[in-house]
Amino acid sequence: MKSNFKILSLIGIIMVMAMFSCTTQQPVEQEEINSLKGVWEFVSGESTTQDTIITYPGPQMPDLKSFKFITEKHWAVTGMAHSQEMNWGFSGPYRLTDDTYVEYFFIHSNPEILKDSAVYSYTLEGDTWIISQEGYSEKWKRIE
């Protein structure tokens, strides 16, 4: 009977330690989410293929304007480039893990992309947020 009590006590201590471990890690994630919340203005981007590098804004879209809105659980982007007669808007939930930012497309102008996701590495330094994946990067500046 005493050995069962010792085992149960040990299991209880491990469970309490695990709970405290989880609660100390949660605020870090919440802090990162809170750091992203706000309105972001697109600063620049770059798309690289085998033999071409396209910069945004650039000669193709010199008047490109785009804004990203981040809440605690969702993101939305709206943008335009009058010179190309383009307007766009995308939206959905997002997820953060370590240095990875994932956008899920629940609203998209291309129906084939709906329910897909885009996975980015990211860095956040003050009011500058850079997201990137192989061959593509975006730089955003917090405006609100």
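Quick look at the numbers
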item	result
Residues satisfying the stated conditions in the range 77-88, i.e. under 16 Å from Trp140 (Cα atoms) and among the hydroxyl-bearing types (Ser, Thr, Tyr)	Thr78
Identity of the residue in the range 116-142, in a loop (DSSP other than H, G, I, E, B) and out of contact with any strand residue (DSSP E or B) (no Cβ under 7 Å at 6 or more places or on another chain), that ends up farthest from Phe69 (Cα to Cα)	Glu134
Options Ile53, Ile70: the member that is more than 22 Å from Ile113 (Cα to Cα) and assigned by TED's automatic domain parsing to the domain that holds Ile130	Ile53
Residue satisfying condition, being loosely packed, with under 12 Cβ neighbours inside 10 Å, among the charged types (D, E, K, R), within 18 Å of Lys37 (Cβ to Cβ) and without any contact (Cβ under 8 Å) to a residue 12 or more places away in the chain, within set Glu144, Glu112, Glu125	Glu125
Subset of the range 90-115 (residues that are closer than 26 Å to Pro57 by Cβ and either of a type in the set (Phe, Trp, Tyr) or not in a strand (DSSP E or B) (or both))	Phe90, Tyr94, Tyr101, Phe105, His108, Ser109, Asn110, Ile113
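Quick grid of which residues meet (1) more than 19 Å from Arg142 (Cα to Cα); (2) in contact with a Ser or Thr (Cβ under 9 Å, 6 or more places away or on another chain); (3) surrounded by 12 or more Cβ atoms within 10 Å (Cβ to Cβ); (4) at pLDDT 50 or above:
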{"site": "Asn4", "(1), (2), (3), (4)": "yes, no, no, no"}
{"site": "Ala18", "(1), (2), (3), (4)": "yes, no, no, no"}
{"site": "Gln25", "(1), (2), (3), (4)": "yes, no, no, no"}
{"site": "Thr49", "(1), (2), (3), (4)": "yes, no, no, yes"}
{"site": "Pro59", "(1), (2), (3), (4)": "yes, no, no, yes"}
{"site": "Phe69", "(1), (2), (3), (4)": "no, yes, yes, yes"}
{"site": "Trp75", "(1), (2), (3), (4)": "no, yes, yes, yes"}
{"site": "Phe90", "(1), (2), (3), (4)": "no, yes, yes, yes"}
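The values are calculated or read from the model by the stated rules, or taken from the named source; none is laboratory data. Keep in mind that what you see is a predicted model, and the values were worked out from it rather than measured. Glycine gets a Cβ as well: all are built from the backbone with ideal geometry, and neighbour counts include every protein chain shown.
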